[in-house]
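To start, the structure itself, in structure tokens.
Since every read-out is calculated from the coordinates, none of them should be taken as a lab result. These numbers were taken from a predicted model, which means no experiment stands behind them. Neighbour counts are summed over all protein chains in view; Cβ atoms, including those assigned to glycine, are modelled from backbone coordinates with ideal geometry.
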Ligand code: SAH
């Protein structure tokens, strides 16, 4: 996990979470080793744990349908903290606030909600294609009184970053947790890797899990669009769920002469590994080209639960 992730060396104490969020109490049970835990196969227990962590540790109130992706908080935090690091590598911005885009915000709207919590000057445009998710996301934003910092927009077009929805001249970043899988067979093989802990139930619905061509095609499309938008968005990024897709996407970016910065950051949460791909058309802090920095070497996630978010170059 990221070194600034509050869960890095400090896994949540479920009893303490339940004390702050009583609906979790009914799902607490003692493990054989005598620890207090929950049944990670029970979607209701998992959802209450997520609600409880968000409330206790971030003061965020959430409501999501039982059949939607229940966001593992330590994992979502890793992406945001890593993004904060990457933004520091770019030339200093003259003015605040920071404006970001979340592609596929889901019913939880988790990245904008957490992002506004960890960085008080961040603002989000959150894009989503699914009507029910948009409804929930808007309610979650209102529930937390963040309407002035998070704007949810429906994307009905074929592009991931449709020009008609990008109303600002420039954005500081875009982020994305794409559906990882190309079909139901791939979901069945990889489903546990999407969850909070090993063997946790995956509550993701079809549009949250599956996209034509899987995450490779999704991020390749994002890259193609970024080549047109270039510096209008300072930092592009996406979560990557499978190592083979990370390797292939890195190759694709390396082959581009235009990109002036690319990083693939690896994380491990318990037994689950994840990668975040960052790229930019802005030259980072006067350095010539980060492509020289052997981004391939960043594919390996260390075995320890320490931070590997800092680029190895
Ligand atoms: N960001 C949330 C949800 C991720 S699931 C989280 O991290 O938990 C992926 C989301 O992307 C789904 O909600 C899906 O509806 C949405 N999505 C899929 N294709 C999209 C597109 N072309 N534009 C915007 N959102 C999209």
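Things to note:
- Each Cα pair under 8 Å and six or more residues apart adds its separation to the average, and for segment 55-168 the resulting relative contact order is 26 percent.
- Length added when fully stretched, residue 147-residue 165, from 0.36 nm per residue minus Cα-Cα: 4.8 nm
- Average Cα contact separation per residue, segment 1-96, under 8 Å, 6 or more apart, as relative contact order %: 27
- Each peptide in 15-21, 99-105, 109-115 was scored by the mean count of other Cβ atoms within 10 Å over its residues; highest first, the order is 109-115, 99-105, 15-21.
- Compared with the alpha-carbon gap, the fully stretched path from residue 247 to residue 26 is longer by 75.2 nm at 0.36 nm per residue.
- Debye-sum result for segment 16-129 in log10 I(q)/I(0), which assumes one identical scatterer on each alpha carbon, at q = 0.14 Å⁻¹: -0.66
- Summarising the label geometry, the points placed 7 Å from Cα in the beta-carbon direction at residue 13 and residue 92 lie 4.1 nm from one another.
- Tensor-based shape of segment 54-121 (alpha-carbon gyration tensor, a/c under 1.5 rounded, otherwise prolate or oblate): prolate
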